[in-house]
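Okay, so here's the structure we're looking at.
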Amino acid sequence: MDDETAPPVRRRPRRPARQLTPPLPTDRVLSWVLTAVLGVATFVSRLWDLSYPGDLLFDEAYYPPEANEVLEWGYEYNRGYTFIVHPPLGKLLISLGIKVFGYDSTGWRFPSLVAGTVAVVVLTRLARRLTGSTLLGVVAGLLMALDGFAFTVGRIGLLDVFLQAFVVSAVACLVVDRDRVRARVRAHVGAATGFALGPRGWRIAAGVLFGCAAGVKWSGVYFLAFFAVLSLFWDRAAWRELGVPSPTRTALRRGLPGAAWALGVLPVLAYLATFTGWFRGENSQGRHWAEQHPDTAWPWIPDPLRSLWHMHGEWLSFHNGLSTPHPWESGPWSWLVDGRPILLWNPQGLTDSAGDQVIRYILMVGTPTLWLVFAPAMLWLLWRIVARRDPAAITVAVGIAAGWLTWFVNLERTMFIFYMAPVLPFFVLAVTLALQDVLGRQTGPDRATPFRRQLGLGAVSLYLAVVALTFVFFYPVLTGQPLSYADWVQRMWFPSWF
């Protein structure tokens, strides 16, 4: 056949090049100083007037009383009804505050203040590692500190802020493990069949922290499952980079046994350890169910474990069937736009010296100028994954899938916006990655010009200023400060906030 009449050769579209994990900045000391300053500022800003109001707010009706029981007896006392439906670790942490400060609003809220501050600090370090930029790490931590939702969740005696702190800490440990493994693999050039990696302390720490997250609320299990799988893919990528012939087989051979222990067995052991008081208690909920029901298909299982298993089955039925209407419930689709925040406090009949109406409103609402960019930031995240195969974007997307998309499984369930607490750091990271592209890159083939960097820095600074001013504007309705009716209405941006 003549060359001129030969059919054109179809070429497969070129796969986008995988973007490599950025190296850590060299400003180690400066980065820790900035992180510490941000952590102290977050702690102090949330500490002021922590005890107001002295009454129990929303689900504080359950957890501080149960925490006080844990402090007194070592377990939640079986009071004959089924409102004890969460593992005990979060209530145990609340009890530590009650032990130090007494059974009052300061005592049962102070542990939340500490946990929320820890989440900000860890997020700062995680963002720095994912982006390779201390500036962007501080940006992420600052956005978290300036969020009204994170602010209120960190000042109330609920469980979700502890879940948030454990989850973001566990993921940060896994990311450190990823980087350590890659550094060790790169140092063994020529190891064509792989080599034993030995104990991986950061992965072990992650497993314990994931177990603690589940020991606060079961939704922590989703993060464990999703990131355990991602960790194996990270191992595969490291072996693939080394050039081993079968990176998948090598990852399974060299990584799966350790992962089964660190991210399988250890989380279960850590979770069971949170029930130590329950095992020791005589009147803890469901403790003697197995003794009262001796007939079983598994007689070799000890009675306490059978009782615990049965109680977990009851909890699962409760959570799956929780569909009682509530005036402040909301669906996960509305969380991204502050669709239905939760009213925590609104005393009636308050007046000033002139007899005019005074409103003291505490609303668990996210800073709107931050939350309203979550959806577009997610779209940008997907673009980075498709166009660049960006490892940072993949990590953040996995966190969002584990903490937000999983709530769409059972839309009939009664849900509240504070379920967003553990996934909030990943939405903040999504915004931070978008701001990274606004800022422009300093290194690599696509690095921005100095002028482009200056423009990007100005835009990022302007956005941070807008978020900060919005937070200050909403501060009175985050803390219950006295407002006139007109000032209060200015802060009620949507009808669903009333």
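The values are calculated or read from the model by the stated rules, or taken from the named source; none is laboratory data. In this text the structure is predicted, and so the values were computed from the model without any measurement. When we count neighbours, we look across all protein chains shown, and the Cβ atoms used for this are built from the backbone with ideal geometry, even at glycine. When the accessible area is computed, the model is the full protein with side chains, heavy atoms only, and any ligands, DNA or RNA have been set aside. Shrake-Rupley method; radii C 1.70, N 1.55, O 1.52, S 1.80 Å.
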Starting from the alpha-carbon convex hull of region 219-318, give the projected area averaged over all orientations, in nm².
8.6 nm²
Could you give the distance between the Cα centres of region 94-109 and region 279-353, to the whole Å?
22 Å
Tell me, what is the 1.4 Å probe accessible area of Arg186, in Å² to the nearest 10?
120 Å²
Give the ranking of Lys99, Lys91 by solvent-accessible surface, highest area first, calculated with a 1.4 Å probe.
Lys99, Lys91
Show Trp497, Trp202 ordered by accessible area, largest first, where the area counts protein heavy atoms only and the probe is 1.4 Å.
Trp202, Trp497
Quick one: give the max-minus-min coordinate of the C-alpha atoms of the chain along each principal axis, largest first, in Å.
92, 69, 52
Could you work out the per residue convex hull volume over the alpha carbons of region 147-188, in cubic angstrom?
56 Å³
Got a number for the accessible area of Tyr52? Probe 1.4 Å, square angstrom, nearest 10.
50 Å²
Solvent-accessible area per residue for the chain (1.4 angstrom probe, square angstrom):
47 Å²
Which order do Ser330, Ser461 take by accessible area at a 1.4 Å probe, largest first?
Ser461, Ser330
So if I place +1 on the C-beta of Lys and Arg and -1 on the C-beta of Asp and Glu, and nothing else carries charge, what would the dipole magnitude of the chain be about its Cα centre? I want it in debye, nearest 20.
2600 debye
Bins of 10 Å from zero: percent of alpha-carbon pairs in region 447-496
21, 33, 20, 16, 10, 0
Per-residue [θ]222 nm for the chain (sum of -39500 (n - 2.57) over DSSP H runs n ≥ 4, rounded to 500)
-19000 deg cm²/dmol
Sequence-distant residues sharing a close amide H with Leu344 (under 5 Å, placed H):
Ile362, Leu363, Met364
Take peptides 204-212, 254-262, 410-418 and line them up by average Cβ neighbours within 10 Å, highest first, as a rough protection proxy.
204-212, 254-262, 410-418
